[in-house]
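The values are calculated or read from the model by the stated rules, or taken from the named source; none is laboratory data. Keep in mind that what you see is a predicted model, and the values were worked out from it rather than measured. All Cβ positions, even for glycine, are placed from backbone atoms using ideal geometry, and neighbour counts span all protein chains on display. Side chains included, ligands, DNA and RNA excluded: accessible areas come from the protein's heavy atoms. Shrake-Rupley method; radii C 1.70, N 1.55, O 1.52, S 1.80 Å.
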Amino acid sequence: MVRTVRLFILLFVLIALHYSAATAQKKYLVSPDREVIPLKPGDDVPAVIRERSNRNRVSDPSYCGPFSNPIEPFPLNVAFSVRHKEVLGQWYVTPWAGTIDTIFWTTLDVGDWLLDSTVFVRVHRSNIGPDYGPGIRPGPFNPPCQPWGYWINTNDPDMGVAAFPELATDTSWISTYPGAGISAPPIGDNIWGTDGGYPLKLAANGFNILPMDDLGPLQVGLGEKFFISVEMSSQGHPVPEEEIPTRFLGAEWTVTTADPDYPSRNWKFYEHDGGPSNCNGAAIPDSLPRGWYARGSASGDSLDELEYDIWYSFTVDPNSPPTIFGLEYLGNTFSTGDRSFQAVIEDCFATNPSNAGVGSTRLVYEVDGEGQTPVPMQYLGADVWEGIFPGQPAGSKIVARVEATDLDGNSSVGTSFSYAVVPFGNEWYALDTGYVCAPNDISLTGMLIDPAAFFLPPSAPPGASAGNDGTAGPIELGADFYLFGDAFRYAWIGVNGGFALTKTPTDTLDINSNGRYPSSVEDQWNFPYPQSPLPHSEQPSFYMPGMFIAPFWADHILALDSATFGRILYGGDDSCLFIVEWDSIGNNSSGYPEVDGTTFRAVLNRCTGTVEFQYAEIGIFDFDPPWGYPIYQVLTGMQSDSNYLSGPVPGYVLLSKDGYPPETRPAEGRCIRMVPTVGSVTSGDWSLVSLSSAPIDGDYSLSHLYPDLTGSIWGYDNGSVQLDTLIPGVG
């Protein structure tokens, strides 16, 4: 009897433990459009997918996370073709921490050039996602369809390229993005599938199920970005001209830029140049480069969303930390006062939703690299939390993140963000804003630059157009112009709304070359200075000091193929002036050139030393009200290279970047003048200062002109004289 009781108790304990383990986790099915569907024991997953693919669906009401309100999905209406050695890819964000155990998709025809109908499946960490990639805002990249890049693989007998870093013989990423900016690899580490990928034989006109247990299930964290790819095998070469492709199902529909499914998340890797037959609106498809593409729909319209019908099943960890998303965008500011900041923070408890809740949040930040006391955030309701950054002096850079802890002590850390408190001018230039200027319009009198005169450097990416991202020059200024204490004589004018100055006509500057920017001691202002210019020829050249001036640096366009979008002119309406005018130029921020009518000019006045930006008309594509900040990188200001006068730290004046501070953002009718004030140069124990023009406010006192002065200033007037104010004419 005793033995029977012990056996019964042991059996009861085992049953209880099994039940506890089973109820501690819950399995879900995640659709391509991020719907989260709870699965019950014994559910036929293919049947669930088929059912869900043919009717409108809503998300599970107990689901919470960054995508808790997916739109109504659209029916499967696309058969997407893929050929030998090409790759389909799509990025996802995990709704919870847990385990991905199975991937599902439907195949229609299986191509005739696949080796034994086999594909190779991998899962990588995704570099692209809701915070970075083509069409993501804020950010410089145009929405899909866009060429992106590839890796070199000398072991590839076909085109010598690789879709994955683990197959590359050179792990340097080759960017093919045609606009301003350099693409980064879409994927990071391989987290499932081996270097060569996991082989799976496709089911023709059937349902494909890939259990991941063979290599071990994939553990993922809350909000982790990952990228599922399916690579086509190949029987080798030569490939028939009329290769029968493999076809995958997908859904395509039209969205708006405010839609949570914008922009498209689907990607494709092309082994050959000219692979996309209907991408980018290219007149000559063969000119499109090989490699990864942010693919988008087959229509070529960036508002047409397309997703591959690739699902995965997911076992949820019982209690995930809070999700931090919906961060407010804080741009640069002139204000030295306190700044409020808001974020949306949500907590999930999959197996016990009633126990979910955010316990506390805080802003963790540093100023100029020095850690500060964290700021507690206050709950405002509807998952919104707010914190207040203490005011900081001009010149400060703030880097911050949100940290949140739920009621059970689980913590998470949000994405870092930063902003700068921009100085209103500097020791070299004072800013004059808010006045009504007399427009120096040279649209009828200026020298027209032939679109054919714009050039690209040898390093330009495939598919780049000089009429979109080129430079024209050298153009003689007529006389020396002084900036930051140094003299310049020649201009190099860029399509994208900026120009550079050099001393000689042989210092060729490619200021728009692929939008590359160097590291700079001034990068703390988030001011993307052009890199030290690349020589126009491939011969080595000595780089002389230069100047970069950006009245309205953005993704403008002047000409593409036979189409023109406005004009670019230069000249002057009197002997003191050199003017560059961008007259009614177009915009290419969507990847499709638009007539935009943007008109602005930069006026260099050699008699007064001033630089003035005049904005006659601002196009509708540079700023998009639903986002509240530019859809493309917009920059205004100027920077000097280091020289014997400025010393190793270049001078710069930042007016506005990405629309912030808004007081100096390009706006119709706005004029901004940079007036030379006092410059200083240090050598040994002595410093040389200059008063190059009268202060705007008439205050010549040293305490006003040099508030940080720690020594004395002496002048020479029949002998050395210690000065309290600077006196014009006294050395």
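Miscellaneous remarks
- Considering the conditions (1) in contact with a helix residue (DSSP H, G or I) (Cβ under 9 Å, 6 or more places away or on another chain); (2) at pLDDT 95 or above; (3) crowded, with 21+ Cβ neighbours inside 10 Å, Ala180 is excluded by exactly one of them, (2).
- Test: residue in the range 407-430 that is more than 28 Å from the chain's Cα centre (by Cα) and at pLDDT 90 or above: no
- Meets criteria (outside any loop (DSSP other than H, G, I, E, B) and either at pLDDT below 80 or open to solvent by 10 Å² or more (accessible area, probe 1.4 Å) (or both)) for Asp286: yes
- Residue ranges of strands (runs of 3 or more DSSP E) in the range 304-347 with at least 3 members of a type outside the set (S, T, N, Q) and either on the phi > 0 side of the Ramachandran plot or open to solvent by 10 Å² or more (accessible area, probe 1.4 Å) (or both): 339-346
- Filter result for Thr504 (touching a residue at least 40 places away in the same chain (Cβ under 8 Å) and in a loop (DSSP other than H, G, I, E, B)): yes
- Exactly one residue out of Gly216, Gly197, Gly221, Gly274 is surrounded by fewer than 20 Cβ atoms within 10 Å (Cβ to Cβ), more than 27 Å from the chain's Cα centre (by Cα) and of a type in the set (Gly, Ala, Ser): that is Gly216.
- Qualifying residues in the range 133-166 (those that are β-branched (Val, Ile, Thr) and out of contact with any strand residue (DSSP E or B) (no Cβ under 7 Å at 6 or more places or on another chain)) - the one modelled with the lowest pLDDT: Ile136
- Tallying residues that are closer than 21 Å to Leu560 by Cβ and crowded, with 19+ Cβ neighbours inside 10 Å within the range 462-491 yields 10.
This table checks each residue for (1) closer than 12 Å to Asn440 by Cα; (2) among the hydrophobic types (A, V, I, L, M, F, W, C).
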{"residue": "Asp561", "(1), (2)": "no, no"}
{"residue": "Phe565", "(1), (2)": "no, yes"}
{"residue": "Ile568", "(1), (2)": "no, yes"}
{"residue": "Ser589", "(1), (2)": "no, no"}
{"residue": "Glu594", "(1), (2)": "no, no"}
{"residue": "Arg601", "(1), (2)": "yes, no"}
{"residue": "Thr610", "(1), (2)": "no, no"}
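- Taking residues in the range 607-618 that are on the phi > 0 side of the Ramachandran plot, and partners anywhere that are open to solvent by 20 Å² or more (accessible area, probe 1.4 Å) and among the aromatic types (Phe, Trp, Tyr), the pairs with Cβ atoms closer than 7 Å and at least 6 places apart or on different chains are Gly609/Tyr482.
- Phe207 vs. criteria buried (at least 22 other Cβ atoms within 10 Å of the Cβ) and among the aromatic types (Phe, Trp, Tyr): no
- Single residue of the range 154-177 satisfying the filter (under 19 Å from Val121 (Cβ atoms) and of a type outside the set (A, V, I, L, M)) that is least open to solvent (accessible area, probe 1.4 Å): Phe164
- Residue, most open to solvent (accessible area, probe 1.4 Å), within the range 440-461, restricted to residues that are in contact with a Gly (Cβ under 9 Å, 6 or more places away or on another chain) and not hydrophobic (A, V, I, L, M, F, W, C): Thr445
- Odd one out for Ile103 among (1) closer than 23 Å to Met212 by Cα; (2) more than 26 Å from the chain's Cα centre (by Cα); (3) surrounded by fewer than 20 Cβ atoms within 10 Å (Cβ to Cβ): (3)
- There is no residue in the range 129-136 that is part of a helix (DSSP H, G or I) and of a type outside the set (Val, Ile, Thr).
- The range 429-440 residues that are charged (D, E, K, R), paired with ones that are loosely packed, with under 15 Cβ neighbours inside 10 Å (beta carbon under 8 Å, 6 or more apart): Asp432/Ile696
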